[in-house]
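Beneath this line is the structure, given in structure tokens, with notes to follow.
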Protein chains: 2
Amino acid sequence: MKVFVLRIGHRIPRDNRITTHVCLTARALGADGVYISDVHDQELIDTINSVSKRFGGAFQIDAGRPWRSTINGWKRAGGSVIHLTAYGMPLPKVIDRIRRSPGDKLVVVGAEKVPGDLYELADWNVAVTSQPISEVSALGIFLDWLFEHSRLEASFSNSEIRIVPSEHGKTVLTT
Amino acid sequence: MKVFVLRIGHRIPRDNRITTHVCLTARALGADGVYISDVHDQELIDTINSVSKRFGGAFQIDAGRPWRSTINGWKRAGGSVIHLTAYGMPLPKVIDRIRRSPGDKLVVVGAEKVPGDLYELADWNVAVTSQPISEVSALGIFLDWLFEHSRLEASFSNSEIRIVPSEHGKTVLTT
């Protein structure tokens, strides 16, 4: 199962940091890549690729394609689409069905407002709490549940540097 | 057990949105409140209090006290201090000991750089992955684990409005 994240509504420069946090969260929690919809943001792509180069893995980042065409292409290829929204069904109620569903998973996170038809286009609208929250933490919690809480100690191949866990300090190995 | 979040290194306006996401995440995931260290940011306080008024609960937000005095006060009162950092010990390895430890919990999240002695002052330095991540998702995942994945469907008392979960749409009740 491949898992990609689709970030909708990214605005330069307003969302630069939040979208960076979305991408770092997606990568750290085991997603295969992120699509930034509709706008091309080379600086963001460079930032994330630089993290991947240093810390390893094969995380992909792509920007500029219209969100609707990403979703339609994903569905045509047999994947399913999960939209994270406080208005959706509670994560604990639907996560088993999502995990068991066939095909790759596209996890959609919007900025403040998302297009209304996204709620219909998504196979699942999923609420990480029915409260105002952050798309960054909603994504992190969703991926942690999707991967059954198994990704927090994953290692990344081909890294240049690696953090070694410490009780009180900072240890970084050059690999 | 009371759980508060201490946000260190908040800069106006650079961190306005990230710190807002930290506060919303803390509230949605069941923390009792947030301390914003060292700077007073009335606009942030007003934003978060307005969310709490509409969506309920008794979330507290306080800003301007030096971070060191918050941590020292917390420890003197018998609470423990958990610093979220990619350099720390993996969350799955330490969460049981943290949950079993007596006293209230102060969860510290920094902005990009945190003071070096924080690693010594903290009872636990905890890594939500040993990868570059976001303090927003790290906090959300940590709180979800701390509360044993039980807070995602919690309801909040005294709300003016309440979201009713929908498969494909938006339903909000005025309460």
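Which residue, A:165, A:102, A:92, tops the fluctuation ranking in a GNM of chain A built on C-alpha contacts under 10 Å?
A:165
In Å and whole numbers, how far do the C-alpha atoms of chain A stretch along each principal axis, longest first?
Here the spans come out as 47, 34, 32 Å, largest first.
Using packing as a proxy for protection, rank A:120-127, A:71-78, A:24-31 so that the peptide with the highest average count of other Cβ atoms within 10 Å comes first.
Going from most to least packed, we get A:24-31, A:120-127, A:71-78.
Every other copy gets compared here: list the nm distances from the residue B:102 label point (7 Å along Cα to Cβ) to its counterparts, shortest first, one decimal.
In ascending order, 5.7 nm.
Taking the label point 7 Å from Cα in the Cβ direction, how far apart in nm is residue A:66 from each other copy of itself, listed shortest first?
5.7
Based on the alpha carbons, how large is the Rg to Rh ratio for segment B:68-160 when Rh follows Kirkwood?
0.99
So which of A:170/B:105; A:2/A:75; B:75/B:105; A:75/A:105 end up more than 21 Å apart, counting from Cα to Cα?
Long pairs (Cα-Cα over 21 Å): A:170/B:105.
Starting from one equal scatterer on each C-alpha and no solvent at all, send me the Debye-based log10 I(q)/I(0) for the protein assembly as shown at q = 0.14 Å⁻¹, two decimals.
The calculated log intensity ratios at q = 0.14 Å⁻¹ are -1.18.
Would you tell me the mean number of C-beta atoms belonging to other protein chains that fall within 10 Å of each C-beta in B:143-150, as a whole number?
3
Given segment A:10-65, report the % of alpha carbon pairs whose separation exceeds 18 Å.
When all Cα pairs of segment A:10-65 are counted, 22 percent exceed 18 Å.
When Cβ neighbours within 10 Å are restricted to other protein chains, what is their mean count per residue of peptide A:115-122?
Across the residues of A:115-122, the mean count of other-chain Cβ atoms within 10 Å is 2.
Give the separation of the Cα centroids, segment A:48-62 to segment B:44-67, in Å.
So the separation of the two Cα centres works out to 36 Å.
Measuring from centroid to centroid over Cα atoms, what is the spacing of segment B:154-175 and segment B:88-133 in Å?
Their Cα centres are 33 Å away from one another.
Could you state how much accessible area residue B:68 has, in square angstrom rounded to the nearest 10, with a 1.4 Å probe and all protein chains kept in place?
In the full protein context, residue B:68 sits at about 100 Å².
Show which aspartates and glutamates lie in cross-link reach of residue B:53 when reach means a straight Cα distance below 17 angstrom and same-chain residues fewer than eight apart are skipped.
Candidates past the 8-residue exclusion: B:32, B:43, B:62, B:160.
The values are calculated or read from the model by the stated rules, or taken from the named source; none is laboratory data. What you see is a predicted model, and the numbers here were worked out from it, not measured in a lab. For neighbour counting, all protein chains shown are included, and Cβ atoms are generated from backbone atoms with ideal geometry for every residue, glycine included. Accessible surface areas use protein heavy atoms only, side chains included; no ligands, DNA or RNA. Shrake-Rupley method; radii C 1.70, N 1.55, O 1.52, S 1.80 Å.
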